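Encoded as structure tokens, the structure appears first; notes follow it.
The values are calculated or read from the model by the stated rules, or taken from the named source; none is laboratory data. All figures in this text were calculated on a predicted structure; none of them were measured in a lab. Glycine gets a Cβ as well: all are built from the backbone with ideal geometry, and neighbour counts include every protein chain shown. Keep in mind that these areas ignore ligands, DNA and RNA; they rest on the heavy atoms of the full protein, side chains included. Shrake-Rupley method; radii C 1.70, N 1.55, O 1.52, S 1.80 Å.
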Amino acid sequence: MILDILTYPDPRLKQMSAPISEITDQVRALSQDMFETMYASNGVGLAAPQVGHFVRMIVMCPLNEKGKESHAPRALINPQLTLLGDEIVSPKEGCLSVPYNYRADIARVSRVACSALDLDGNSVDEEFVDYCAIVLQHECDHLDGKLFIDRISYLRRSLYDAKVKKCRSRKNCE
Ligand SMILES: [Zn+2]
């Protein structure tokens, strides 16, 4: 089932999500719906709070520049990241929850170590690099109620907020 995606400035996107204590059939069903929703929106990652479930689960399927999968699609539960590697710029980052196709360059790191659980409750301890590392940092931010626009300069943010306000009052905008 394709779920509705919450979009900024919905205040629920600022909510901190809770750890998943038990991987039930409900959790597995939610992950399936999240994959469907992500593919339907041509996204490369989706976090549960974006579809109104405030639990710590993300799905991701990062693509390389040629549009091919660079990593198997996966669901990660209660992911914990350790930031490693160099600081890099994630060029033109975007988000399914940030409307009007807004994009910005965001400072990220090139490598992260992730511990999480998979859908069978097995531990996942893995390092992710480059694009996958960026997607993972972006999705884990959602679990803490953070969007990439919380990482841009005050000036850029003010300009974007003004645009959102204008677009919302006109009810259409690109
Ligand atoms: Zn996002």
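Would you mind classifying the range 94-159 by shape? Square roots of the alpha carbon gyration tensor eigenvalues, ordered a ≥ b ≥ c; an a/c under 1.5 is rounded, otherwise it is prolate if a/b is larger than b/c and oblate if not. Here the range 94-159 falls in the prolate category.
Peptides 132-138, 89-95, 43-49 ranked from most to least packed, by the mean per-residue count of other Cβ atoms within 10 Å: 43-49, 132-138, 89-95. You can think of it this way: the chain between E126 and C173 has 12.8 nm of extra reach, that is 0.36 nm per residue less the Cα-Cα gap. Computed from point charges on the beta carbon alone (+1 for Lys and Arg, -1 for Asp and Glu), the dipole magnitude for the range 11-170 about its Cα centre is near 1200 Debye.
Of all aspartates and glutamates in the structure, the ones whose alpha carbon falls short of 15 Å from that of K166, not counting any fewer than 8 places away in one chain, are E174.
Per residue, the accessible area of the range 49-174 comes to 54 Å², computed with a 1.4 Å probe over protein heavy atoms only. Remark on V55: its backbone amide H falls under 5 Å from those of A18, a criterion applied only to residues 5 or more positions apart or on other chains, H modelled at 1.01 Å from N. Apply the a/c threshold of 1.5 to the C-alpha gyration tensor of the range 1-64 and tell me whether it is rounded, prolate or oblate. Here the range 1-64 falls in the oblate category. Label sites at S153 and Y100, each approximated as a point 7 angstrom past Cα along Cα to Cβ, lie 1.9 nm apart. Per-residue extension of 0.36 nm, minus the Cα-Cα distance of K163 and F54, leaves a gain of 36.5 nm for this segment.
The apolar share of the surface of the range 11-170, taken as the fraction of accessible area on carbon and sulfur atoms (1.4 Å probe, ligands and nucleic acids excluded), comes to 49 percent.
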